[in-house]
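Since the structure comes first, as structure tokens, the remarks are kept for the end.
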Amino acid sequence: MSVTLRQRRKGKKISLYLDYYQNGKREYEYLGLYLIPADANLSKLEKAENKRTLELAETIRAKRLLEIQNGVFGLHDQGKLNASFMEYYKQLMEKRKSHESDSNYGNWKSALLHLEAFTGGDLSFAEINRQWVENFRDYLVKDARTKGGRRLSQNSTASYYAKVIAAIKQAVKDGILRQNPAQGVDFIKQIDPERQFLSLEELQRLAATDCEIPALKNAFLFSALTGLRWSDIEKLTWSEVHTSNEYGHFLQFRQKKTKGFETLPISQQASDLMGVRGKPDEQVFTGLAYSAWMNIKLRVWLLSAGITKKISFHCARHTFATLQLSLGTDIYTVSKMLGHRELKTTQVYTKIIDEKKREAASRINLQFVAQPLFTENQTIQ
């Protein structure tokens, strides 16, 4: 078995790789290390950097040769490393299409687009090391753009980075990579987005205002009274709607996002919004379809009620959560009604309530100069 360090021109850099040869069989391992071409009029610093890179590559070559001699590393391992990470990522992505929510699948797909833009569409497992992970992270933070040419939001950057790292971790579990090259690389933190919601007075005003699409009005108010997401309301069928003397009105359904099976009590008002009961397999709210046109009609309805806040359909769920907490419902119950798996997901709404309390504390503003409790010549008796 021979292990030879070789070079190959790749764009404006020279890629270093190992050439394994045994009994007429040859395989390659790209190290993710690059040299600056000598024809680029190198400075002293660049020459020194090339020297350090070559020394590192030679150290890896010697280590691989020792591993082969000790039976730790073989051509079978290298065959896995030469496989396409891009194809592997796509397979993981497609699994999520059938088992997870549309939004999560969409995030995996969006992350793929940026992965393809960064790599040029071709990437083997052998090329993924800590330096590659750091470079991809920097690309998302500094260079990646939306279709409209804008920089990615912090949360989009964090989400796309997390998807690629999740695929790398899975490759470690599947025995393709020996260790996680992202270990030790700083993660990209998510920030809590501003959650818009309606006050009780605004919600009452909205309920008293006609909407061009009655099904949209009923579904939005239903979400504000139950906390259900659009995805669960849209697919809700009459077979999932129940009534009993003991429990009153309630829903039994499987959440589209989390796949969790839920039993959710609902109020008489929420039940009334569903209208006349139909056949078991019929949708409760017919005529709903998520679209830009539907969002425009929602906006028009809000403006007709004198509400200028930037409200999406999902804000009805936020409204349910904030109103329940502000009216005294304990956070554990609210969490269960929202179908959250972890209590910390619900705790973000308590921050909103605390902020509103601080705002309320400053609303009474008197014009006066505070009088000292006592002067220098007075003593406290």
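A few comments on the model shown:
- Residue in the range 270-293 that is charged (D, E, K, R) and surrounded by 15 or more Cβ atoms within 10 Å (Cβ to Cβ) present: no
- Scanning the range 282-309 for residues that are within 12 Å of Val241 (Cβ to Cβ) and either of a type in the set (Asp, Glu) or out of contact with any strand residue (DSSP E or B) (no Cβ under 9 Å at 6 or more places or on another chain) (or both) returns Glu282, Phe285.
Yes/no per residue for (1) in contact with a helix residue (DSSP H, G or I) (Cβ under 6 Å, 6 or more places away or on another chain); (2) without any contact (Cβ under 8 Å) to a residue 60 or more places away in the chain:
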position	(1), (2)
Asp174	no, yes
Asp186	no, yes
Phe197	yes, no
Glu201	no, yes
Ala208	no, no
Phe222	yes, no
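- For the range 231-250, a residue qualifies if it is under 19 Å from Gln324 (Cβ atoms) and crowded, with 20+ Cβ neighbours inside 10 Å, and the qualifying residues are Asp232, Ile233.
- Within the range 34-53, tally of residues that are part of a helix (DSSP H, G or I) and among the hydrophobic types (A, V, I, L, M, F, W, C): 4
Conditions (1) out of contact with any helix residue (DSSP H, G or I) (no Cβ under 6 Å at 6 or more places or on another chain); (2) modelled with pLDDT of 90 or more; (3) in the same structural domain as Tyr161 (by TED's automatic domain parsing); (4) aliphatic (A, V, I, L, M), marked per residue:
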residue: Asp19; (1), (2), (3), (4): yes, no, no, no
residue: Gln22; (1), (2), (3), (4): yes, no, no, no
residue: Gly32; (1), (2), (3), (4): no, no, no, no
residue: Val72; (1), (2), (3), (4): yes, no, no, yes
residue: Gly106; (1), (2), (3), (4): yes, no, yes, no
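- Of the criteria (1) surrounded by fewer than 19 Cβ atoms within 10 Å (Cβ to Cβ); (2) assigned to a helix (DSSP H, G or I), which one Asp122 fails: (2)
- In the set Lys309, Lys357, only one residue is assigned by TED's automatic domain parsing to the domain that holds Pro265, basic (Lys, Arg) and modelled with pLDDT under 90; that residue is Lys357.
- When the strands (runs of 3 or more DSSP E) confined to the range 239-353 are screened for residues that are under 28 Å from the mean Cα position of the chain (by Cα), those reaching at least 1 such residues are found at 248-254, 261-265.
- Qualifying residue in the range 149-165 (condition: exposed (fewer than 12 other Cβ atoms within 10 Å of the Cβ) and under 30 Å from Lys309 (Cα atoms)): yes
The values are calculated or read from the model by the stated rules, or taken from the named source; none is laboratory data. This structure is a prediction, so every number in the text was calculated from the model and none was measured. As a convention, Cβ positions derive from the backbone with ideal geometry for all residues, glycine included, and neighbour counts pool all protein chains shown.
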